[in-house]
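Student: I'd like to ask you about the structure that follows.
Throughout, read-outs are computed from the coordinates displayed, never taken from laboratory work. Computed from a predicted structure; not experimentally measured. Ideal geometry is used to build each Cβ from the backbone, glycine not excepted, and the neighbour counts take in all protein chains shown.
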Amino acid sequence: MTATLGPTSHTYFSQRLRLHYTDWGNPDAPPMILIHGGRDHCRNWDWVAEHFRHDYHIIAPDLRGHGDSEWMLGGSYNQIDYVYDIAQLLQQKQMSPVTVIGHSLGGSISLLYTALHPERVNKLVAIEGMGPPPAMIKERMDQTMSERLHGWMNDVRKSSGRLVKRYPSLEEAFQRMQTENPHLSEAQARHLTIHGSNQNEDGTFSWKFDNYVRNFSPIGIPFSDMATLYGNITCPTLLVRGLESWASDPIADGRTKSFNCPLEVEAFADAGHWVHHDQLEGFVQRVKTFLNSSA
């Protein structure tokens, strides 16, 4: 199959939501899925996909409430629902076993999906996907359940009154994107802005994601159980982080002890939370080395 210039757009359904994903072609190659982080979108993977598209059949979904996927009406954006959506997509596409690469929220989804379906994943790369540092988790767990529930209810109520930010021009949205991540080149920031925003009827521009995705449900998989689930991962796994990010070192804080699989950890200098943007060439080379190894 001749490679196209860019990915094609497709939709699928999960829990009655119409969800979007891009497909980079090359259907006879081994499957790979790229899962973006919170308040992001599938086209943030374009530069990574360009490096792997000739060796893999790549798909990149927009998570529910993100990009060109539908927003939820009622309920919360729960991690397990994101995981179900990914499982549904991979089952419909019959992409198994698959190579999984996820960033941030997408890295967390990737880890949980792999823990629940270890036989369906060949190799896993999670970029800062282990969630908050242990100190932040402890602070949260020191709250009573009543405090957590009331906090969540207050956050949701605030979201209901939050107006969607409108930028007078695409240029001003682009400037916001650059401010958010100074490591981005101008070309990267423009690309992410164009694919991550919609033009409103009045001519202004707004980000595509649903503001409600900011609210994390107070009820979910306990952190202790999540650590136990990581022990079910059997495939070779690479954990990546940026040294300028808020993410803590999973070796130093003890979280790698939860894994029983072949595990590698890589930290990138001059990189923040978006390692695959900040150090693209180094990240791609490190991932290629990992994917090509026999471990």
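Student: Can you tell me the relative contact order of the chain? Whole percent, Cα pairs under 8 Å, sequence separation 6 or more.
Tutor: Normalised by residue count, the contact order of the chain is 17 percent.
Student: Which order do the peptides 173-179, 98-104, 140-146 take when ranked by the mean count of other beta-carbon atoms within 10 Å per residue, highest first?
Tutor: Working: 173-179: 17.3, 98-104: 26.0, 140-146: 10.3.
Ranking, from highest mean packing down: 98-104, 173-179, 140-146.
Student: What whole-number distance in Å separates the alpha-carbon centres of the stretch 114-128 and the stretch 242-292?
Tutor: So the two Cα centres are separated by 15 Å.
Student: Which number do you get for Rg(Cα) / (2.2 N^0.38 Å) in the stretch 142-190?
Tutor: With N residues counted in the stretch 142-190, Rg over 2.2 N^0.38 Å equals 1.80.
Student: If you don't mind, there's one more thing I want to ask. Over its Cα atoms, what ratio of radius of gyration to 2.2 N^0.38 Å does the stretch 133-240 give?
Tutor: Output field value: 1.46.
Student: Give me the base-10 log of I(q)/I(0) for the stretch 1-133 at each q in 0.12, 0.15, 0.16 Å⁻¹, Debye formula, one uniform scatterer per Cα, rounded to two decimals.
Tutor: One equal scatterer on each Cα of the stretch 1-133 leads to -0.40, -0.64, -0.73.
Student: Can you pull out the chymotrypsin sites (Phe, Trp or Tyr not before Pro) in the stretch 1-100 that DSSP calls coil and that have at most 15 other Cβ atoms within 10 Å?
Tutor: Trp71
Student: State whether the stretch 1-66 is rounded, prolate or oblate according to the following rule on the C-alpha gyration tensor (a ≥ b ≥ c being the square roots of its eigenvalues): a/c under 1.5 gives rounded; otherwise a/b larger than b/c gives prolate, and the remaining case gives oblate.
Tutor: Prolate.
Student: Pull up the cross-link candidates among the lysines for Lys288, meaning alpha carbon to alpha carbon under 28 Å and not fewer than 8 places away within one chain.
Tutor: Leaving aside lysines fewer than 8 places away in the same chain, those within reach of Lys288 are Lys93, Lys123, Lys257.
Student: For the chain, what percent of Cα pairs sit more than 33 Å apart?
Tutor: Counting every Cα pair in the chain, those more than 33 Å apart make up 20 percent.
Student: Given R₀ = 41 Å, FRET efficiency for Asp155-Asp28 by Cβ-Cβ distance, to 0.05?
Tutor: Values: r = 46 Å, r/R0 = 1.13.
The calculated FRET efficiency here is 0.30.
Student: Once R0 is set to 30 Å, what does the formula 1/(1 + (r/R0)^6) return for the Cβ-Cβ distance between Leu5 and Asn200, expressed as a FRET efficiency to the nearest 0.05?
Tutor: 0.60
Student: Please give every one of the aspartates and glutamates within straight-line cross-link reach of Lys208, meaning a C-alpha to C-alpha distance under 14 Å, and leave out same-chain neighbours fewer than 8 residues apart.
Tutor: Asp40, Asp62, Asp68, Glu70
Student: I want the local charge near Ser217. Using Cβ-Cβ distances under 12 Å, sum +1 for each Lys or Arg and -1 for each Asp or Glu among the other residues.
Tutor: Net charge around Ser217: 0.
Student: What area, in nm² and to one decimal, does the C-alpha convex hull of the stretch 28-70 cast on average over all directions? Could you put the intermediate results ahead of the total?
Tutor: Details: hull surface 12.2 nm².
Projected area, direction-averaged: 3.0 nm².
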